[in-house]
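The numbers here are math on the coordinates, done by the rules we state, and not lab data. A quick note: this is a predicted structure, and the numbers were derived from the prediction, not measured. Glycine gets a Cβ as well: all are built from the backbone with ideal geometry, and neighbour counts include every protein chain shown.
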Amino acid sequence: MIFIGVDTGGTFTDFIYRDGGEWGVYKLLSTPSDPAAAVLAGIRHIAGSGHVHIVHGSTVATNAILERKGAVTALVTNRGFEDVIELGRQYRGSLYDLAYRKAPHIVPHDLRFGIECRVIPDGTVLEGMNDESAARVARQVADSGSESVAVCFLFSFVNPGHETRMGELLERLGMQVSLSHQILGEFREFERTSTTVVNAYVAPRMKGYLSNLLDSLDEKDRLSIMQSNGGSISAHAAMREPVRTILSGPAGGVVGAFEAGRMSGFTKLITFDMGGTSTDVSLLDGAVSLTFESSIGGYPVKVPMIDIHTVGAGGGSVAFLDAGGALRVGPESAGADPGPICYGRGTRITVTDANLYLGRLVPEYFLGGQMRLHPERLEPVFRKMSAAAELSPRELAEGILSVVNSSMEKALRVISIERGHNPQEFTLLSFGGAGGMHAAFLARLLGIPRVVVPRHAGILSAMGMLIADIVKDYSRTVMLRDSRPTDTNLEELFGLMETRAWNDLDDEGVRREAVFFQRSLDMRYRGQSYEITVPFAPGYVEEFHRLHERMYGYGSPERPVEIVNVRLRAGGAREGIESDVQEKVSTRPDARVFQIGRPVVFDSKVHDTRIVDRSALRAGDRIAGPALVVEYSSTVVVPPFAKATVDGCGNLLMDIA
Amino acid sequence: MTMKIHPVLIEIFKNRFSSIAEEMGVTLNRTAFSPNIKERRDFSCAIFDGKGRMIAQAAHIPVHLGSMPLSVEAAIEGADFEEGDMVILNDPFKGGTHLPDITIVAPVFAEGAVPSFYVANRAHHADVGGMASGSMPLSTSIFQEGIIIPPLKIVERGDIDWKLMNFFLNNVRTPDEREGDFAAQIMANRTGIARMKELISTYGIDTASFYARSLMDYGERLIRSAIRRIPDGVYSFEDFLDDDGAGEQDIRIRVKITVRGSEATLDFSESHDQVPGSVNAVYSITLSAVLYVFRALVKEEIPANAGCLRPIKVVTRKGTVVDAQFPAAVAGGNVETSQRIVDVVLGALAAALPGEIPAASQGTMNNVAVGGFDAVSGRVFAYYETIAGGMGATARSNGESAVHSHMTNTLNTPVEALEYTYPVRVREYSIRRGTGGKGVFQGGDGVVREIQLLSDAEVTVLSDRRRTAPYGLAGGEPGAVGKNVIISSGVRREKGSKFHEKLKKDDVIRIETPGGGGYGPATPHRSTPHDRSNLSS
């Protein structure tokens, strides 16, 4: 069996594989109109006719939402609440926009079907669902031209009877159905409906894509899909609950980054993935951190996802002077077209241009020298804009970098300091095309003592997919309000979830002895509206007070607490994958060493700077700043205030003075 | 000290100041107990310089824009601040807005005995006592609206003054919640102080103060550039509040805007005298509404700060509904009158900037307060919510349906959260189709919210636009007016804009909110005269 991790997220479809004792990587240009083409071509190249187990990070669900190319979707809900999906939380996303518009609705008005039935908070059926009306509504849905249907009734997570009944009727008519209590068994009807509707919206697309892939594989091959929560599930489970895969690629990146950091001995990490238009950051305190408050394309999706914070600043972000005289960078991006000035067609200065202007990008080695840069195009534009800003061109270039670093610093502060973590206890792990040019500066801004730039940063995401555990998340709102609910009560609740988890993991092919369970509780002080997730272990109430104090600066042990949700994370380790991936992957053979002294600007002074070929570095090599470490798809800037070493697994470690 | 403004540092300081204010807001939002704060985000956090001038406010609620500085000014006056002190206040005639909005101000010491900066936050508490649950009553005097707190130290050198706190808590209906909210507010300020000190230690007090001042100049430049786009001239507009809930009807708000170059004077002197009912707005609210409109004219992200107001002069006559004097009732001035002030300022500017100004949005916040004793839980409860409506259409697109507009931007409370917590059942929550004004572009639709009581309770509704409709523009039709209905034992009774009533278990309150105005004539090729007779430029 050949194990293959496949990430289709970017320009390239990345493969990382293990065949017996051999590891390898492979890259192919992505085929956006039919992503499966590149995936299958790569698999054939790697495995020939051998059997494969593929873990795939799919962008099908994400793109269906962002490009609004999902299925025609209907919604069945309580009569009188058909518009909840459109009402949302009734606020406008932009306070001062006099022409504010919401994201367009996934379910148009005429595809929302109300039916008379009602459950109240304690699970009592206040108004039953009439069989005839239910059958009539099901028929209307089937005749409406919808390809997929979401069913969401108030308090269905307490008493799912009506949803289950309606689901059966719809399935009998051949509809693809998503039931809210199965997708997200938690209170707050808008968020639950939205999550369920998004699932329904992408399900037919995901099913089509995965069926197609499965058809092209042998029966003995296995296909798993990366989820947003950092674990994988079988293709069949992903077809039912595709909403769990919308952050597939970035989640693979974080899991891969965690693994890369762990290999170098660091488990308290802040990942920093800076790309062309945006930057993703995530904090890992010994494990990936999850959030239950995400959204995509303006639609809330509350299934657990790796907590990734995104800021609209990247290498392509455009710099400009605003009417008040401040230098601004982004969020507008030059994108791939026209791209930065130095790519040949752009006319407005980007972050990449500023790096090049200061000498921090080396044109000869940009993408291995395959893409020609045009540094000569920069000078006139920098002169013109710097005159307007009353700065020297060099000050302008450094200023642009300071401004973009300050927006990324803000993102890093949000995930660390604002959540009660001291960044000085963490290591910054940088990946993504532009990250290496900024990481050392950001670390200095936040007092982070060390930066790790992993080897194979370009295939980190595929690697994360390959090594990810199989993970299933379960949750249910219970709203236990006694100040100290009996633990027996909770044991029962977890017991029910675990029974379901055993079955699901069995379907996933996990051996019983490989199964692990993590139980946790979402808790808050009675009367609050935001919960903190606390591991379910003896002393969990005290732990809640402690976490509240860490996050918000105070705890109130005298106040009653309530348990809002119970959560179970169930999983099994991937079989046949040891975690020595990184050491085993062979490097590119044609190592080159450059020792050219090059002028690079740091702190408004020109420094004679060495250029080092990353692929030629060996364990134990030391590089004192200033230096540029270049590789195929990225450049690591080692500023004068930093020193870098190469560790045993090929990762570059930078100490920040 | 002379320092040159560096275009890079000014951008960095702008980011840092605003993220400090935002982080204060996160603490407050996530730990508070009042639905108004935790679900509806009816609060604001801001940073001030040593003279009490606002440097940055997190983009929370516009109605606090112009009024926070006056609170800080009142708190500073006479307070002999020491490290760890915090001053509390809600007196509308000493820097407040209406009594439920409680502001807590704290100094940031960098060097010397005088504070270098202040941080402050204001939050709308669900109850501050007075004649009605929820403290948004149909009152005729400030004394009926709740407990009045003049500027007083609630925290002294880091310790809460429990005498003062207990005195306050004994005067409100839900003291446990209030105490939790105060803890959240105090902690939000502590977060702000800690971050300000970090900033000062990184850049030094001189640089930090210099850029605080520079940011005000920066805000001023951006607002001036927005005003410069308005052709010089005089633009007038008037509109009306339905009533004051105490018998006074058709309460006029009138503005005359004079634009000269990069400066604007807004004269509200011809507005209605202050009224017996609770729709009187204190001056700071009028200021907030004006600042909101001019801030919205600037397309770029800018900090809302003291500099933004420099090119704008707001003239009022004391003793009017836009500059109420003690002891006027003011509970609704903040929420209802503020919306109408925005309507008239935008209405006047529509003549100056054709195509850029939208038709009127719903023009009310539809405040509903429900309070009583919940027999099942054995607890007193006080619930308050505001309901969205239609936004006005613009020259380029339809108005959005079912969102809060202009001076508020609070969230709804989810039906399931509401029913878990209070003895109520929601029977309908839907979009009120067809209520947006017709036009080339349609106004947004309003909302229907129907709530059944599961225990006896008193209900206060403070709303408007039940008689005078949100105007259309450029020939567009007005949005539909709202409707307030009570259904007891199957019998429907339509109520006015503002009412207070003791209701029985099983009674139903049904609120239908207004639509937004349309833009451009609904029927093509048939030009209609200018849409509103009250347009009098």
Hey, rough spin-label estimate for residue A:613 and residue B:353, points 7 angstrom out along Cα→Cβ, what's it come to in nanometres? 5.9
Sort the following peptides by mean Cβ neighbour count (other Cβ atoms within 10 Å, averaged over residues), highest first: A:59-70, B:148-159. A:59-70, B:148-159
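Per residue of A:78-88, how many C-beta atoms from partner chains lie within 10 Å of its own C-beta, taken as a mean? If you can, show how the numbers build up before the last one.
On the way: counts 5, 3, 7, 6, 4, 11, 6, 0, 5, 10, 5.
For this peptide, the per-residue mean of nearby foreign Cβ atoms is 6.
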Listed residues A:443, A:9, A:175: farthest to the positive end of the dipole of chain A (Cβ charges): A:443
Kyte-Doolittle cut-off -0.5, length cut-off 20 Å along the helix's own axis using Cα: show which whole DSSP H helices in chain B pass. B:7-31, B:205-228, B:283-297, B:338-352
At 7 Å along the Cα-to-beta-carbon direction for both residue A:69 and residue B:379, put a label point, then send me their distance in nm to one decimal. 5.0
Output the Cα-based Rg and Dmax of region A:205-244 in Å, rounding Rg to one decimal and Dmax to a whole number. 10.0, 28
Only Lys, Arg, Asp and Glu count, each charged at its Cβ (+1, +1, -1, -1), so figure out the dipole size of region B:128-284 about its Cα centre, rounded to 20 debye. 840
Inter-chain Cβ neighbour average for residues B:120-133, partner chain, 10 Å: 0
For residue B:504, go through the lysines and keep the ones whose alpha-carbon is under 16 Å away, minus same-chain ones fewer than eight residues off. none
Given R₀ = 25 Å, what would the calculated FRET efficiency be for residue A:507 paired with residue A:212, taking r from the Cβ atoms and rounding to 0.05? 0.70
Computed [θ] at 222 nm, deg cm²/dmol, chain A (DSSP H ≥ 4; -39,500 (n - 2.57); rounded to nearest 500): -9500 deg cm²/dmol
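Under the 0.36 nm per residue contour assumption, what length would be gained going from the current alpha-carbon distance of residue A:550 and residue A:388 to full extension?
Numbers: separation 162, 0.36 × 162 = 58.32 nm, distance 4.62 nm.
Between residue A:550 and residue A:388, full extension yields 53.7 nm more.
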Given Cβ point charges of +1 (Lys, Arg) and -1 (Asp, Glu) and nothing else, what value in debye, to the nearest 20, does the dipole of region A:317-404 about its Cα centre take? 140
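Please compute the Kirkwood hydrodynamic radius over region A:348-387, one decimal place, Å, based on all pairs of different Cα atoms.
Values: mean 1/r = 0.0939 Å⁻¹.
10.6 Å is the Kirkwood radius here.
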Using a Förster distance of 51 Å, how high is the FRET efficiency between residue A:11 and residue B:326, based on the Cβ-Cβ distance and rounded to 0.05? 0.15
Hypothetical label at residue A:105: residues of region B:404-443 whose amide nitrogen lies under 14 Å (7 Å Cα-Cβ projection): B:429-436
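Can you run the Rg to Rh ratio on region A:317-404? Use alpha carbon positions and the Kirkwood inverse-distance Rh. Don't jump to the answer; show the numbers that get you there.
Working: Rg = 12.4 Å, Rh = 12.9 Å.
Across region A:317-404, the Cα-based Rg/Rh ratio is 0.96.
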How big is region B:203-356 on each of its three principal axes, counting only the C-alpha atoms and giving the largest first in Å? 56, 38, 22
Run down the aspartates and glutamates and flag those whose C-alpha is under 14 Å from the C-alpha of residue B:438, throwing out any fewer than 8 positions away in its chain. B:400, B:477, B:531
Using Cα-only point scatterers and the Debye equation, what is log10 of I(q)/I(0) for region B:7-219 at each q in 0.12, 0.13, 0.16 Å⁻¹, rounded to two decimals? -0.57, -0.67, -0.99
How high is the relative contact order of region B:234-318? Use alpha-carbon pairs under 8 Å, at least six apart in sequence, and give a whole percent. 28
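Among A:605, B:313, which comes first, second and so on when ranked by fewest other beta-carbon atoms within 10 Å? Let's see the in-between values first.
Working: A:605 9, B:313 13.
Ascending number of Cβ neighbours within 10 Å: A:605, B:313.
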Considering the convex hull of the alpha carbon atoms of region A:474-572, report its projected area averaged over all viewing directions, in nm², one decimal. 6.6
Per principal axis, largest first, the Cα atoms of region A:17-74 extend in Å by 48, 22, 17
Packing-ranked peptide list from A:541-551, B:513-523, B:371-381, highest mean Cβ count within 10 angstrom first, is B:513-523, A:541-551, B:371-381
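Can you figure out the FRET efficiency of residue A:41 with residue A:347, using R₀ = 41 Å and their beta-carbon distance, to the nearest 0.05?
Values: r = 37 Å, r/R0 = 0.91.
So, using R0 = 41 Å, E works out to roughly 0.65.
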Of all C-alpha pairs within chain A, those more than 37 angstrom apart amount in percent to 41
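Percent relative contact order of chain A, based on C-alpha pairs within less than 8 angstrom and at least six residues apart?
Values: 1441 pairs, mean separation 81.1, N = 657.
Answer for chain A is 12 percent.
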10 Å binning of all Cα-Cα separations within the protein assembly as shown, expressed as whole percents from 0 upward: 2, 9, 17, 22, 22, 16, 9, 3, 0
Reachable lysines, given that their alpha-carbon falls under 24 Å from the alpha-carbon of residue A:605 and they are not under 8 places away in the same chain: A:384, A:643, B:4
Name all residues of region B:420-462 having a backbone nitrogen under 13 Å from the label point set 7 Å from the Cα of residue A:165 along its Cα→Cβ direction, giving them as ranges. none
Residue A:287 versus residue A:492: modelled label distance in nm, points set 7 Å from Cα along the beta carbon direction: 2.7
Spin-label proximity, residue A:367 to region A:1-32 - amide N less than 20 Å from point 7 Å beyond Cα toward beta carbon: A:7-15, A:26-32
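Can you give me the relative contact order of region A:1-52 as a percent, contacts being Cα pairs under 8 Å and 6 or more apart?
On the way: 77 pairs, mean separation 18.4, N = 52.
Relative CO of region A:1-52 lands at 35 percent.
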DSSP loop (so not H, G, I, E, B), at most 11 other Cβ within 10 Å: list which GluC sites (Glu not before Pro) in region A:189-286 pass both filters. A:219
If you place +1 on the Cβ of every Lys and Arg, -1 on the Cβ of every Asp and Glu, and leave all else neutral, what size is the dipole of the protein assembly as shown about its Cα centre, to the nearest 20 Debye? 2160
Can you tell me the alpha carbon radius of gyration of chain B divided by the globular rule-of-thumb value 2.2 N^0.38 Å? 0.95
